[in-house]
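Structure, as structure tokens:
The values are calculated or read from the model by the stated rules, or taken from the named source; none is laboratory data. What you see is a predicted model, and the numbers here were worked out from it, not measured in a lab. Backbone-built Cβ (ideal geometry, glycine too); neighbour counts: all protein chains shown. These accessible areas exclude ligands, DNA and RNA; they are computed on the full protein's heavy atoms, side chains included. Shrake-Rupley method; radii C 1.70, N 1.55, O 1.52, S 1.80 Å.
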Amino acid sequence: MTLPAEPATLRGAGLTRTYGTRSGAVAAVRGIDLAVREGEALGLVGPSGSGKSTLLSLLLGVERPDRGAVLFDGSPLTGRQQIRRVRQAVQYIPQDPASSLDPRRSVERQLREPLRRFRIPGDHASLVLEALEKVGLGADHLGRRAHELSGGQAQRVAIARALVTRPRLLLADEAVSGLDLPLRHQVLELLKEQHVRGGLGLLFISHDLAAVRFLCDRALVLDHGRVVEEGPAERLLETPRHPTTQELVDAVPRLSV
Ligand code: ADP
Ligand code: MG
């Protein structure tokens, strides 16, 4: 793939990561190029074990590549300061986001935490409220503890926590896969609104091609650590070319979105 010339928020070039295990070397990511452009929603699909989460760790600077580089706004991701800058502008939501909340802490405390950690300037109380509003919650939720929230509210709070630093890009790793259907729908709608209305960039990882089509303009299909196909999410779903993509299409739950 030739990398586009237009500015990319986050770019991986020739990324390679091999893990040494007792049973030998596992090539998790094998020479991947990708670019998430400003305000774009990019999907990353692939079967289990295809390297999606490893790629995300490389992009977040949590793991170092054996070969290749990560560039944020055109500058290589090296050194602590740059990694810190990326962590603030690029937020991450894990699978089943609500389970990452501390059940005993108040919503307010959990939303203030990233603001303090990244030393975000400005009025933290109003940033917290702004993030809550983005997910359809309000001031009356501030004092609640996570365990006092409904499942849907807890998912929203967890997403608000990722939005509170006003990131430019959100990386979501199977963020809706563990959710039941109504909740999955709510979270997808919410992310879509932030993308369409708020201009938030998304890198959305899923094995569910239907969810990817709902949210993403473009998608990459991964298998065995390589990109095997890429294109508009709709085209991949309607006319898959690579057998891996075909398998993902066949696995799409008919009522998933
Ligand atoms: P996916 O997220 O697509 O399911 P992963 O990136 O988690 O895939 O894993 C890709 C491959 O790398 C798999 O074979 C997995 O077993 C292996 N792998 C991932 N993380 C590690 C690790 N920390 N140590 C050893 N092997 C790993
Ligand atoms: Mg994974």
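Matching residues to (1) open to solvent by less than 70 Å² (accessible area, probe 1.4 Å); (2) touching an Asp or Glu at 6+ places or on another chain (Cβ under 7 Å); (3) touching a residue at least 60 places away in the same chain (Cβ under 8 Å):
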residue: S57; (1), (2), (3): yes, yes, no
residue: V70; (1), (2), (3): yes, no, yes
residue: G74; (1), (2), (3): yes, no, yes
residue: L77; (1), (2), (3): yes, no, no
residue: V90; (1), (2), (3): yes, no, yes
residue: A98; (1), (2), (3): yes, no, yes
residue: R105; (1), (2), (3): no, no, no
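Being within 18 Å of the chain's Cα centre (by Cα), open to solvent by 30 Å² or more (accessible area, probe 1.4 Å), more than 16 Å from ligand 1 (Cβ to nearest atom) and in contact (Cβ under 8 Å) with a residue 60 or more places away in the chain is a description that applies to H185. Only one of the numbered conditions (1) surrounded by fewer than 20 Cβ atoms within 10 Å (Cβ to Cβ); (2) in contact (Cβ under 8 Å) with a residue 24 or more places away in the chain is violated by V212, and that is (1).
Yes/no matrix, rows are residues, columns are (1) within 22 Å of A211 (Cα to Cα); (2) within 17 Å of the chain's Cα centre (by Cα):
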site	(1), (2)
R105	no, no
R117	no, no
T165	no, yes
E193	yes, yes
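Within segment 145-160, not a single residue is crowded, with 19+ Cβ neighbours inside 10 Å, among the charged types (D, E, K, R), closer than 21 Å to L56 by Cα and at pLDDT 90 or above. Being of a type in the set (G, A, S), buried (at least 17 other Cβ atoms within 10 Å of the Cβ) and within 16 Å of ligand 2 (Cβ to nearest atom) is the requirement here; does A172 meet it? Answer is yes for this residue.
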